[in-house]
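Worksheet: one structure, shown below.
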Amino acid sequence: MKNFLQSTRTRKIFLILLVLFIFSVILNYLIMPWYVSAAEVTVPKVTGMNQTDAMTVLSENNLEGLIGDTTYDSRVKVGYIVLQKPKANDVVKQGRRVYLVINGGSPKSRVPDLRGKSLVDAKFALERVGLRLGEAIYSPSQSPKDIIIAQEFSSTTQIRKGQTVNITLSSGPEKGSLEVPDLVGKSLAEAEEILSQNQLRVGKINYQPSFQLLPNTVIDHYPTSGMKVSVGDAIDLFVTKLLDVKDEGEN
């Protein structure tokens, strides 16, 4: 017997059996007699009550209320009990838990990111999550025409299902929205760079001889500085060049 108990596996089995035996004794002679002898109560109806009142009524009847789930029911006020288990008029032991389902209000959906989408794609994206496309307005931007550039709710917002989401579409670059920079005194290379940075381009280059200025210096341009032009418009330049001896002789 001594060698039998020295086995590690045997000792574990012996301990498990001992624990099960003690548990069965406690269950049969303490827990079950207490449960069987415990007074019974009739479960009150708490559906239709708000959470606070429902918990109070259950407590007064020696029952424990527990919120088990949240649902959405338009027929019941937000924060009121929709279902209960056990049901009203069931007979249970005192101290029994009564699981409650509370109305959490209208279901919500997360707004998808609509920026960069077309009107049709945005409509489908909203409908997939139970939302609807609202008012669409146009605003000038550098984005292609008819592409969404802004939305009423950010993509991290949760709103009520069925709600509309207003959007802003690009109408393309605004006509006459750019101001011509001052290019006089700049080199031709500098002028080209400045125009490119301002989303403009070099138009016709008119060369004029000059004694005083270095070659390829801008002495005038049209449209002139401060005038309004559109994105991609061309600016004609008047640029110096070396005075040719032949040109001087002709004068």
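Above 26 Å, the calculated P(r) of the chain contains 73 percent of its Cα-Cα pairs. By the rule of a C-alpha distance below 27 Å, with chain neighbours fewer than 8 residues away ignored, the lysines paired with residue 12 are 2. Pairs with C-alpha atoms separated by more than 31 Å, drawn from the list 77/117; 123/228; 186/228, are 77/117; 123/228. Going from the residue with the fewest nearby Cβ atoms within 10 Å to the one with the most, 115, 75 rank 75, 115. A cut-off under 14 angstrom between Cβ atoms defines the neighbours of residue 195, and their net charge, with Lys, Arg +1 and Asp, Glu -1, is -4. Taking a straight line from the alpha carbon of residue 93, these lysines sit under 20 Å away, with near neighbours fewer than eight places off in the same chain left out: 45, 85. Considering only 58, 124, 109, the residue lying farthest towards the positive end of the dipole of the stretch 39-133 is 124, judged by Cα position with unit charges set on Cβ. Counting every other Cβ atom within 10 Å of each residue's Cβ, 137, 167 order from fewest to most as 137, 167. Backbone geometry of the stretch 85-94 corresponds, through the Karplus equation with coefficients 6.51, -1.76 and 1.60 at θ = phi - 60°, to 3J(HN,Hα) couplings of 9, x, 6, 4, 6, 5, 9, 9, 6, 4 Hz, x marking Gly and Pro. Placing pseudo-labels 7 Å out from each Cα toward the beta carbon at residue 94 and residue 129 gives an inter-label distance of 5.2 nm. Multiplying the residue separation of residue 228 and residue 110 by 0.36 nm and removing their Cα-Cα distance gives an extension gain of 38.2 nm.
Values quoted throughout were computed directly from the atomic coordinates according to the rules given, and no laboratory measurement underlies them. It should be emphasised that the depicted structure is a prediction, and the values quoted were computed from it without experimental measurement. Backbone-built Cβ (ideal geometry, glycine too); neighbour counts: all protein chains shown.
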